[in-house]
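Reading through the structure tokens given below for one structure.
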């Protein structure tokens, strides 16, 4: 019995020593950091936000008395208010792009709530989906061509934020005409017009809110609504971002191109920038060349107005330097 007591005391002493040592180490780690953690309760700050009594999308009322719709909205608010890194980045980047998209939606008479579709579609990144949809508005190649965009190996205007916004507006106008309201048009942007129409016919309803859909489309409009609520009142939802931290609109000038360019790297140097800067402002250029395929065809390439001209020096690597290194062809420089 005495041996058992001694054993328990030893374990207790060792455990106490470990706890004290861990506490000291934790204090040492946090002393040099801007945020100090006092106790475990401060590690997670969970805030639940009440749902509004009245909510609209593009001027169309959302029935929040329906428990299913209410829970779907609640889920997206919780997700987006606690997924801080993603939402903060969206707020910062949207300050650059949404003001440029707004006048395009106005010109096509599209409600401004549709700006938030681009945010949930791509996070304002030129991402590529497994299905092949790309750009801020995530357009498929065939759809993009039908909407007037050029898509080929050298030029892919789906990567042009302004032109792809215009294409998205054309799609939404057609969808609004087909389905009779903006909410259905928004849902069709995710599942396609034929996909939405087919499900409406099978389930014999004419409203997105009455359809049983796959998880992605079922969440789609509510993700837009949640982002809308946060963006219209960010401080209310815990996002107090100083104005100077928002990404500004970058001033650019257009360079008209009417003749083929064999090497865009050389072209970039001739404009006082490098290839990386050229591609930052013109991601729709998909190769290291640009071919004028039709007589009278022209392109506008954007160059930053305020930039530090870089030395126009081309570095040549000798064979001895390049031993053991694969050399990229111009085509391999591209995504």
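The values are calculated or read from the model by the stated rules, or taken from the named source; none is laboratory data. All of these numbers come straight from a predicted model, not from anything done at the bench. A quick note on method: Cβ atoms are made from the backbone with ideal geometry, for glycine too, and the neighbour counts reach across all protein chains shown.
Miscellaneous remarks
- When the test is whether a residue is in contact (Cβ under 8 Å) with a residue 12 or more places away in the chain, surrounded by fewer than 18 Cβ atoms within 10 Å (Cβ to Cβ) and outside any strand (DSSP E or B), residue 132 does not pass it.
- Any chance residue 102 is within 14 Å of residue 231 (Cα to Cα) and assigned by TED's automatic domain parsing to the domain that holds residue 120: no
- Taken as a whole, the structure places residue 64 among residues that are without any contact (Cβ under 8 Å) to a residue 40 or more places away in the chain and not in a helix (DSSP H, G or I).
- Scanning the stretch 195-206 for residues being over 18 Å from residue 58 (Cβ atoms) and surrounded by 13 or more Cβ atoms within 10 Å (Cβ to Cβ) gives a total of 5.
- Residue that is modelled with pLDDT of 95 or more, in a helix (DSSP H, G or I), in contact with a strand residue (DSSP E or B) (Cβ under 8 Å, 6 or more places away or on another chain) and within 20 Å of residue 57 (Cβ to Cβ), where the choices are 106, 113: 113
- Within the stretch 152-186, the set of residues being in a loop (DSSP other than H, G, I, E, B) and closer than 18 Å to residue 290 by Cβ comprises 152, 153, 154, 160.
- Qualifying residue in the stretch 147-155 (condition: on the phi > 0 side of the Ramachandran plot, in contact with a helix residue (DSSP H, G or I) (Cβ under 9 Å, 6 or more places away or on another chain) and surrounded by fewer than 18 Cβ atoms within 10 Å (Cβ to Cβ)): yes
- Counting residues in the stretch 267-274 that are more than 25 Å from the chain's Cα centre (by Cα), assigned to a strand (DSSP E or B), in contact (Cβ under 8 Å) with a residue 12 or more places away in the chain and not assigned by TED's automatic domain parsing to the domain that holds residue 93 gives zero.
- Filter result for residue 86 (modelled with pLDDT under 95, part of a helix (DSSP H, G or I) and either out of contact with any helix residue (DSSP H, G or I) (no Cβ under 7 Å at 6 or more places or on another chain) or crowded, with 20+ Cβ neighbours inside 10 Å (or both)): yes
- Qualifying residue in the stretch 207-223 (condition: loosely packed, with under 14 Cβ neighbours inside 10 Å, assigned to a loop (DSSP other than H, G, I, E, B) and touching a helix residue (DSSP H, G or I) at 6+ places or on another chain (Cβ under 7 Å)): yes
- Odd one out for residue 189 among (1) in contact (Cβ under 8 Å) with a residue 24 or more places away in the chain; (2) not in a helix (DSSP H, G or I): (2)
- Qualifying residue in the stretch 231-247 (condition: in contact with a helix residue (DSSP H, G or I) (Cβ under 6 Å, 6 or more places away or on another chain) and closer than 23 Å to residue 164 by Cβ): yes
- Within the stretch 139-151, considering residues that are touching a residue at least 24 places away in the same chain (Cβ under 8 Å) and outside any helix (DSSP H, G or I), the one nearest to residue 128 (Cα to Cα): 139
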